[in-house]
Amino acid sequence: MFRNPIAPVLSLGMSLAFAASGHAQVTDSELFRITVPSTLSITAPTSEISQIHDETDNDQSFPAQRWLVTANNTAGAIAVFQTDQAFTHTADSSYKRDALVTLAKVAGDAWSVTTPSASTSYASSSEIASVAAESSAPGAASFDLGVSLVEETFTDLAAGDYELTVTGTITAK
């Protein structure tokens with residue numbers, strides 16, 4: 001059998017030509033993304049607080065309650081704390097006392113108090129008192145909420161429990 005000495009060289013040359021004509025990638029990129037979910041929360045320190053009247057004509061102030069708010073909306077948020085009524089006797093709603101509500105910021109750089117105090121006026125049928133704070137950027141804050149029963153004359157006050165509820169609401173701007 002006759003072997004052509006050029007055939008293996010020709011075959012090797014063609015293999016190298018095909019390998020040299022392939023495209024090599026010299027750069028590439030990859031995007032990394034983290035999605036931050038929206039956070040909007042307001043938290044009361046407890047669901048109920050009570051105390052016994054000191055039997056004087058002085059206003060009856062509860063200890064300040066520390067509420068926490070968090071919002072990560074880029075434009076900020078608004079937090080409103082609102083009474084549902086004046087202090088009202090639980091068995092006989094004709095007995096009422098006004099409420100004074102105050103709000104003070106404890107911490108939170110992006111937040112400021114916009115309405116620091118408000119009171120009800122049950123005699124004028126205005127039983128809603130609202131205080132508020134707002135932020136201009138994402139952030140968390142803590143606020144001390146003060147609530148007082150505004151006393152008129154202790155001896156005119158019927159015995160029993162007087163209640164109101166403060167509801168905190170936070171909304172994104």
Taking only the alpha-carbon atoms of the chain, what semi-axes of the equivalent ellipsoid follow from 5 times the gyration tensor eigenvalues under a square root, in whole Å, largest first?
77, 15, 12
Over the chain, what is the relative contact order in percent, taking alpha-carbon pairs closer than 8 angstrom and at least six residues apart?
30 percent
Quick one: what are the phi-derived ³J(HN,Hα) couplings along segment 165-173, Karplus 6.51/-1.76/1.60 with θ = phi - 60°, whole Hz, x for glycine and proline?
10, 9, 10, x, 10, 10, 9, 6, 7
Find the percent of Cα-Cα distances in segment 114-173 that exceed 15 Å, and round it to a whole number.
64 percent
Positive-pole candidate from 129, 79, 153, dipole of the chain, charges at beta carbon
79
Measuring with a 1.4 Å probe in the full set of protein chains, what accessible area per residue, in whole Å², belongs to segment 30-152?
56 Å²
For the chain, the percent of accessible surface on carbon and sulfur atoms (probe 1.4 angstrom, ligands and nucleic acids excluded) is 55 percent
Using θ = phi - 60° and the Karplus form 6.51 cos²θ - 1.76 cosθ + 1.60, what ³J(HN,Hα) does each residue of segment 104-115 get, whole Hz, x for Gly and Pro?
9, 6, 9, 7, x, 4, 7, 9, 8, 7, 9, 10
Quick check: the distance between the Cα centres of segment 58-77 and segment 81-154, to the nearest angstrom?
10 Å
Angle between the Cα long axis of helix 7-20 and the longest principal axis of the chain, 0 to 90 degrees, nearest 10?
20 degrees
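The values are calculated or read from the model by the stated rules, or taken from the named source; none is laboratory data. Worth saying up front: this structure is predicted, and the values here are computed from it rather than measured. Here the Cβ is made from the backbone with ideal geometry for all residues, glycine too, and neighbour counts use every protein chain on show. Side chains included, ligands, DNA and RNA excluded: accessible areas come from the protein's heavy atoms. Shrake-Rupley method; radii C 1.70, N 1.55, O 1.52, S 1.80 Å.
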